[in-house]
Amino acid sequence: MKKTLGLALVAALVAGTANAGERVGDFALIDHEGAFQHMAWYDDHSAVVIMPMTNSQADVASLKALQDQYTEQGVQFFLLNPGLHTDRAQVSADIASLGLDLPVLMDDAQLVTEMLGVSHLDEAVLYNPSNFEMLYRGPIADMENSLQQMLAGENFDMVSVASTGAAIEFPSLDAHANLSYEKDIAPIIAQNCANCHRDGGIAPFAMDSNLAVQGWSPMIREVVMTKRMPPGQVDNKVGHKMKNEMNLSDEEMQKLVRWVNTGSKVDSENDPLTALTWPTTKWSLGEPDLIVKVPEQAIPATGVVDYMDIPVDLGLEKDVWIKGSEVVPGDPAVLHHIITTVVPPEGAPDFQQILMDLLASLPPEKAQSIRASIFAAVASGQQPNIGEIFKEIPEIDIGTFLGGGNDPDLGSVAGYAPGNSVSLNPPGVGGLLKAGTTLNLQMHYTTSGKETTDATEIGIYFYEEGEVPAERMSGGVGNAFAISIPAQAKDHEMELVTTVPEDAELYSLMPHMHFRGKRMKFTAQYPDGSEELLLSVPAYSFNWQLAHELEEPLRIPAGTKIVATGAFDNSSQNAFNPDPNAEINWGEQSWEEMFMGFYSWKNIDQGGSD
C-alpha cells in the first residue's frame, strides 16, 4: 500500500512539469567521480540522454548503440543513480562490470528523478539542455526516433512510452505528503537562509515572512535544484566533515522542493520567521576591542582600479595578544579582496634576505642558478622574477612572504574575500601585536557601474590583559605561478603541492582562483605512502571564497603533502568568463588567474623545529 501511495505522489508532484511541451527545469548533480554536472552548462550540446542504472544487458546494449552513433552529433549521455545507494565506489564497480564509461548522476535526494517523472528503472529520458524541455520518457530501446527528430530540429510533443521495469521506491514521499510551513519549512529557512536574506543582510531580498517565502518559492526551488544556494557548497559525501559547511541535507532539500511543488501552502497563522531577531552590531564576533578604520577610497563607476598598498597604524601603545579579527567591508559590491600583512615595530622583514636564507638551505647546485639570476636582476636595476623562483624551488613557502616573516609569535589579522572575512583562533591560541605595530593592506577593488566610496573597517579582539595564549597558529600557502590556460578550454586541470614541515594539526583549507576557477579538491599524501581526500569543492565560485574549517582538527605528520587538484573553465560555457578566446596566465587582476591553496595548521611542537 505504501509503495502504491508513493508512486501516486510522484505522479502528482511531476504533474504540470513533465507534460508535453512543458519544461521540467534546470538541475545540477554531482556524479560518482565527484564532478559537478549542471545541465545548463551543456546548452552547447544538441541533447542530453539520461538512463537509470540497470542490470539489463539489453538496455545497456541499446544505450551503447546510441552513444556510439550520436555522441559526435553533440549528444551527452549520463547514467542516473536514483537514490538506490550512495556508495560511489560501488557505483563505479557496478558500471565497470557493465562495460560502461559514463558519468553517473548521484540523485541521493531523488528530486531529479521525481522532476523527470522517472518511476521505473527502464525509463530513460531525452532532455533539451537549451530550454530544459523533456521530449521522451520510456525504454531506451524506443528512444532513437525521438532523438533523430530532435537532432533534425523538428517540433513534436513529448513521447511517453509505458515501461515494464522495476519500480523505483521513494521512501521519504509518504512522510512529506503534508508538509507544514511552520514546522518543516520555516525552520530550514531560519537555519540556512535568513541570516543573509533579511533586512540589512547581504542578500538581494529578504525571506522574513511566509508571504516572502511564498513569493520567492519558484526561485527557492530553482536554486536548490541547481545547487546555487546555499553558497559555497562542498561535496559533503566525501572527505572530512567541515564545521562551516553550507550545504542543505538531502531531507531539507526534499522538504523545500516538495513544498514548492505542491503549492507552497501555509498551514498556520504562526510564522516563525517574523519572530527572528538579529544582532544590532555589524560585527559577527561581537564588539571588537580595537576598530581599525581603513582610509576611505573613492571608487569610479567603470575602468580598472590599480592595486592599492595602504599602511595603517594600529595606534597600539602596549603589546597585546589577539584571539581573532574581522573585516567589515564598506561597500562589498566593489571590494574584491584585502591581503593583510602585519608589520612589527622594527619594520617589515627583508624579503630578499629571507630568500637568500632559504636558498642557503638548499643543495648548492640547486640554489646556484637561482642566486645568479637574482644578482643579475638586481645589478640591472630590475626586480627578480619571483614567479620563476617559486616555480624552480617549490620547497619555498610563499606564506613566509605573504605573512610578514618568520616570527612565530607574530599575530595575524584577517584579510577579506567574498564570504571570508573572519579569523578566529581556537581557545588558548593567539598571536602578538607589539606596541607600534602597523598593518599593510593590499586592497583590490573592481568597479560596479556606479561611483562609490568604500570605508572598510577591521575589528581586532584581544585576550584579557596579562593572559598569554599557550599556543600559536601556523599554516602555509601554495601558489602556482606557471599558469597557461588555452582559449576555450573547458576543464584545464592543474596541481599544486604544499608540504607540511612539522607534525601538525590541520584546521582549514581554502581554494583561491578567479573568474575561470571551476573546481578544486585537496588530498593529503602521507609519508608512509597512504593518502586520503580531505575536501572537494566541485563547483568553485569566485564570489564565495570560503576557508573551509574541519569540524575536528586533523593530526598530520611532518612531510605530509597537501595536493590541490583543480581546473579552470575558460570556455564560452562559463557565464563569468570575461574573454573565452584569450589564453590566460597568472596575474593579480580578476580577469587573469591564480591557482592557490591557503592552509591553517598548528604545529604540535610549539617550540619549533631545529
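The values are calculated or read from the model by the stated rules, or taken from the named source; none is laboratory data. Predicted, not measured: the structure shown is a model, and the values here were computed from it. We place every Cβ from the backbone using ideal geometry, glycine too, and count neighbours over all the protein chains shown. The protein model used for the area step is the full one, side chains on, heavy atoms only, and it has no ligands, DNA or RNA in it. Shrake-Rupley method; radii C 1.70, N 1.55, O 1.52, S 1.80 Å.
List of remarks:
- Part-to-part distance (alpha-carbon centres) for the stretch 22-90 and the stretch 146-180, which is given in Å: 14
- Euclidean distance of C-alpha centroids, the stretch 193-234 and the stretch 299-351, integer Å: 32
- Two-site label geometry, Gln606 and Thr565: point separation in nm, points 7 Å out along Cα→Cβ: 3.7
- Annotation: extensible slack from Ala575 through Asp142 equals 152.3 nm (criterion: 0.36 nm per residue apart, minus Cα-Cα distance).
- Label point distance in nm, Thr274-Ala40, each placed 7 Å from Cα along Cα→Cβ: 3.3
- Residues Met39, Met219 ordered from highest to lowest accessible area at a 1.4 Å probe: Met219, Met39.
- When each of the peptides 498-506, 472-480 is scored by the mean number of other C-beta atoms lying within 10 Å of its residues, the order from highest to lowest reads 472-480, 498-506.
- Extension gain, Glu346 back to Glu531 (0.36 nm per residue minus Cα-Cα distance, nm): 62.3 nm
- Across all directions, the average projected area of the convex hull around the alpha carbons of the stretch 492-610 is 8.5 nm².
- With 24 Å as the limit on Cα-Cα distance, the pairs of Lys255/Lys518; Lys237/Lys265; Lys183/Lys237; Lys227/Lys490; Lys366/Lys561 that go past it are Lys255/Lys518; Lys237/Lys265; Lys183/Lys237.
- Accessible area per residue was computed with a 1.4 Å probe on protein heavy atoms; Trp41 scores about 60 Å².
- Once the C-beta distance of Glu33 and Glu552 is scaled by a Förster radius of 22 Å, the resulting FRET efficiency is 0.25 to the nearest 0.05.
- Residues Thr262 and Asn131, FRET efficiency given R0 of 22 Å [Cβ-Cβ distance, rounded to 0.05]: 0.35
- Contact order, relative form, for the chain: 14 percent (alpha carbon pairs under 8 Å, 6 or more residues apart, mean separation divided by residue count).
- Mean residue ellipticity (222 nm) of the chain, computed from DSSP H runs ≥ 4 via -39,500 (n - 2.57), nearest 500: -5500 deg cm²/dmol
- Span-like helix ranges in the chain, DSSP H, alpha carbon extent 20 angstrom or more, Kyte mean at least -0.5: 364-379
- Here's the list of aspartates and glutamates a cross-link from Lys243 could span, going by alpha-carbon distance under 13 Å and ignoring same-chain residues fewer than 8 apart: Glu549, Glu551, Glu552.
- Remark: the Ala166-Phe375 segment gains 67.9 nm on full extension, using 0.36 nm per residue and subtracting the alpha carbon distance.
- Normalised by 2.2 N^0.38 Å, where N counts its residues, the alpha-carbon radius of gyration of the chain equals 1.08.
- Qualifying chymotrypsin sites (Phe, Trp or Tyr not before Pro) for the stretch 524-610 [loop in DSSP, other Cβ within 10 Å: at most 15]: Phe576, Trp591
- Rough spin-label spacing in nm, given labels placed 7 Å along Cα→Cβ, for Lys282 and Ile202: 1.3
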